[in-house]
Amino acid sequence: MQRQGRRRVTAADVAARAGASRSAVSLVLNGRADGNVAPVLQDQIRAAVEELGYIPQSVGQSLRSRSTRTVGVITDEIVTSPFAGGIISGADAVAREAGYMIMVADTAGDDSRIGQMAEVFFARSVDALMLATGGLVSVDPAENFFSAPAVLANCLDASGRAPAVVADEAGGSRLGVRHLLDLGHRDIALLSGTEDSPATPRRREGFLDAVAGTGAEHRVVPCGWDIDDGYRAASALLDGGAAPTAVLASNDRTAVGVLLAAAHRGVDIPGDLSVVGVDDQAHVAAQVVPALTTVALPHQQIGRRAMEILLEGIPAPSGEPSAGAIPELIETWLIRRDSTGAAPTS
């Protein structure tokens, strides 16, 4: 232990005692020595650290401030599904840049476990918590979740107990519809997701806003979120007479269902029907044939911004809800591929 009244031991002292360079000491202390520092020298450095009682500056700051420089991230299904992983990677990038690390736990879709996981993280003395979800949903976390600085990523808490960062879902629909209007389409259908998702009314709002005043025929068709939902909805449209010339799907999976329904009926994409998805889902949107034009959701940016907000709030007192907080919207963008083209002329 370092004694009061004595000069603080430095990394230079450790290097001198071990007969090593400062860079070698840094590599050992940061866990990056293997392959860079000989094992014998690693042992000498660790022995010097122990003998001198050296405490790295970051650890000393943590002990004095009672900060562990860690953030607990609770997800609903992100780590066990192929969706929205960008939220985690974005959050982790910002945390690392600030000298923090994240720990991630997944509820497997069981919201009752959020409070349990918060307790587990608090037992490990995390500085703050993030709740991140794969799709935009409403959440009602246990009260203990808000007993430290907290933020919501891609989800909403109606009570506004913590700041939230979500995609601009309405703006995304407007982008998709305007793209189709620019291509000359004047009969456009929206495949609407299920009403239990907050994304559904927002996307519908953007769709109706974009077609308003254009004179374009439009319809909203109840759908869902999976390929078979898109197939059924598209089949009804294509078999019902007066089919639309363009479809804005509820997501990329339902858009794939539309492509399949069209293919089974000999409907050419995009010659007879243009299709726009939402998500830009990895290993799907760019790989299907034809490649899918889609509205990309900003998962990486949501994770980054949510972590920035969280780190800014860590020094502040916890347990003070931000009632009425307005979610911060992150812009979406359109990725143009082969599933959209000019409206048919006949």
## Note on the structure
Residue pairs within 9 Å by beta carbon, gap of at least six or interchain, first lying in the range 208-235 and among the polar types (S, T, N, Q), second in a helix (DSSP H, G or I) and surrounded by 19 or more Cβ atoms within 10 Å (Cβ to Cβ), listed first then second, are Thr214/Val177; Ser235/Gly257; Ser235/Ala261
### Query
Take the residues of the range 39-55 that are surrounded by fewer than 17 Cβ atoms within 10 Å (Cβ to Cβ) and assigned to a loop (DSSP other than H, G, I, E, B): which is modelled with the highest pLDDT?
Gly53
### Message
Can you tell me which residue is farthest from Ala170 (Cα to Cα) among those in the range 257-286 that are open to solvent by 50 Å² or more (accessible area, probe 1.4 Å) and not in a loop (DSSP other than H, G, I, E, B)?
### Response
His264
### Query
Only one of Arg17, Arg32 is open to solvent by 90 Å² or more (accessible area, probe 1.4 Å), at pLDDT 85 or above and farther than 26 Å from Ala306 by Cα; which?
Arg17
### Summary
Of Val276, Val284, the only residue that is under 20 Å from Arg337 (Cα atoms) and free of Cβ contacts under 8 Å to residues at least 40 places away in the same chain is Val284
### Query
Can you name the residue in the range 56-72 that is of a type in the set (S, T, N, Q) and open to solvent by 60 Å² or more (accessible area, probe 1.4 Å) and is also modelled with the lowest pLDDT among such residues?
Gln61
### Query
Where residues in the range 156-169 are open to solvent by 10 Å² or more (accessible area, probe 1.4 Å) and farther than 16 Å from Ile302 by Cβ, which of them is modelled with the highest pLDDT?
Arg161
### Message
Of the residues Thr214, Thr254, Thr294, only one is in a strand (DSSP E or B) and either at pLDDT 95 or above or open to solvent by 40 Å² or more (accessible area, probe 1.4 Å) (or both); which?
### Response
Thr294
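Every residue, every condition in (1) open to solvent by less than 20 Å² (accessible area, probe 1.4 Å); (2) in contact with an Asp or Glu (Cβ under 7 Å, 6 or more places away or on another chain), yes or no:
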| residue | (1), (2) |
| --- | --- |
| Ala150 | yes, no |
| Asn154 | yes, no |
| Arg174 | no, yes |
| Asp182 | no, no |
| Ile188 | yes, no |
| Leu191 | yes, no |
## Note on the structure
Scanning the range 217-239 for residues that are open to solvent by less than 60 Å² (accessible area, probe 1.4 Å) and among the charged types (D, E, K, R) gives Asp229
### Check on Ala242, open to solvent by 60 Å² or more (accessible area, probe 1.4 Å) and aliphatic (A, V, I, L, M)
yes
### Query
Which residue, of Ser159, Ser147, Ser89, Ser138, is closer than 23 Å to Glu328 by Cβ and under 12 Å from the mean Cα position of the chain (by Cα)?
Ser89
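Being in contact with a Ser or Thr (Cβ under 7 Å, 6 or more places away or on another chain) and either touching a residue at least 60 places away in the same chain (Cβ under 8 Å) or farther than 20 Å from Gly271 by Cα (or both) is the filter here; which residues of the range 335-346 pass it? Walk me through it before giving the result.
Here is the first cut: in the range 335-346, the ones in contact with a Ser or Thr (Cβ under 7 Å, 6 or more places away or on another chain) are 335-337, 339-341, 343-344.
Arg336, Ser339, Thr340, Gly341, Ala343, Pro344 - these are the residues of the range 335-346 that are in contact with a Ser or Thr (Cβ under 7 Å, 6 or more places away or on another chain) and either touching a residue at least 60 places away in the same chain (Cβ under 8 Å) or farther than 20 Å from Gly271 by Cα (or both).
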### Query
Which residues, counting only those in the range 73-121, are closer than 17 Å to Ala142 by Cα, touching a Ser or Thr at 6+ places or on another chain (Cβ under 9 Å), hydrophobic (A, V, I, L, M, F, W, C) and open to solvent by 50 Å² or more (accessible area, probe 1.4 Å)?
Ala108
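The values are calculated or read from the model by the stated rules, or taken from the named source; none is laboratory data. As the structure is a prediction and not an experimental result, all values here were calculated from the model. As a convention, Cβ positions derive from the backbone with ideal geometry for all residues, glycine included, and neighbour counts pool all protein chains shown. Surface areas here come from the heavy atoms of the whole protein model, side chains and all, with no ligands, DNA or RNA. Shrake-Rupley method; radii C 1.70, N 1.55, O 1.52, S 1.80 Å.
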